[in-house]
Amino acid sequence: MSTTPIEEVRDFLHSAQTYYLATVDGDQPRVRPFGTAEIFEGKLYIQTGKKKDVFKQLEKNPKAEICAFKDGQWLRVEGKLVYDNRIEAETDMLDKNPDLKNMYAPGDGNTAVLYFDGGKATFSSFTAPARTVEF
């Protein structure tokens with residue numbers, strides 16, 4: 001069975017376990033570790049809390065980039081992160097990441113799931129040419 005580009009991106013992020021999300025705070029870049037990356041309705045989603053600065057930054061400027069590294073290869077994903085306020089999207093994310101259920105619940109007013117709109121991912125290493133996929 002072949003893997004779609006979005007599945008390849010999600011699988012790399014799962015394998016790396018931690019990726020770093022970059023946002024903009026005014027004129028200052030901000031980077032922090034994340035771990036959630038799931039596919040829901042054909043889109044790549046991440047999760048955070050509405051009370052966190054990262055969510056507030058994305059509300060002001062939805063352009064973001066994530067970067068992950070594993071086994072000599074790295075992945076950069078860029079695009080706009082769009083907030084999805086549907087309970088179904090929140091439920092899907094939390095069901096796939098049950099460790100988050102001690103901090104978040106669908107419809108709790110704090111859970112925020114966001115998907116990449118116009119996502120572009122570049123796989124890179126020191127030993128092979130970069131390869132870019134869009135989803």
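The values are calculated or read from the model by the stated rules, or taken from the named source; none is laboratory data. Since this is a predicted model, take the numbers as computed values, not measurements. Every residue, glycine among them, receives a Cβ derived from its backbone with ideal geometry; neighbour counts consider all protein chains shown. Accessible surface is based on the protein model in full, side chains and every heavy atom, while ligands, DNA and RNA are left aside. Shrake-Rupley method; radii C 1.70, N 1.55, O 1.52, S 1.80 Å.
Rank Lys51, Lys101, Lys70 by accessible area, highest first, at a 1.4 Å probe radius?
The ranking, largest first, comes out as Lys51, Lys101, Lys70.
Residue by residue, what Karplus-based ³J(HN,Hα) values in Hz, rounded to whole numbers, does the stretch 46-51 have, using 6.51, -1.76 and 1.60 with θ = phi - 60° and x for Gly and Pro?
Each residue of the stretch 46-51 in turn: 10, 9, 8, x, 5, 7 Hz.
Starting from the Cα gyration tensor of the chain, multiply each eigenvalue by 5, take the square root, and state the resulting semi-axes largest first in whole Å.
Working: eigenvalues 114, 63, 35 Å².
Gyration-tensor ellipsoid for the chain: 24, 18, 13 Å.
Is the shape of the stretch 81-135 rounded, prolate or oblate, going by the alpha carbon gyration tensor and its root eigenvalues a ≥ b ≥ c, with a/c under 1.5 for rounded and a/b larger than b/c for prolate?
prolate
With +1 on each Lys and Arg Cβ and -1 on each Asp and Glu Cβ, how big is the dipole of the stretch 1-53 about its Cα centre, in debye rounded to the nearest 20?
280
With charges set only on the Cβ (+1 for Lys and Arg, -1 for Asp and Glu), what does the dipole of the chain come to about its Cα centre, in debye to the nearest 20?
The dipole of the chain has a size of about 400 debye.
Using the charge dipole of the chain (Lys, Arg: +1 at Cβ; Asp, Glu: -1 at Cβ; taken about the Cα centre), state which of Pro33, Thr132, Asn97 has its Cα farthest towards the positive end.
Value computed over the given set: Pro33.
Over the alpha-carbon set of the stretch 4-64, divide Rg by the Kirkwood Rh and report the Rg/Rh ratio to two decimals.
Values: Rg = 12.4 Å, Rh = 12.5 Å.
With Rh from the inverse mean 1/r over Cα pairs, Rg/Rh is 0.99.
Any idea of Ser2's accessible area? Nearest 10 Å², probe 1.4 Å.
Probe radius 1.4 Å; accessible area of Ser2 about 100 Å².
Not counting ligands, DNA or RNA, and with a 1.4 Å probe, what is Thr3's accessible surface area in Å² rounded to the nearest 10?
80
Taking the simple approach of a point 7 Å from Cα along Cα-to-Cβ for both Lys101 and Tyr83, what is their distance in nm?
2.6
Tell me what the chain gives for mean residue ellipticity at 222 nm when only DSSP H runs of n ≥ 4 count, each as -39,500 (n - 2.57), the sum divided by the residue total, rounded to 500 deg cm²/dmol.
My calculation for the chain gives -6500 deg cm²/dmol from helical runs alone.
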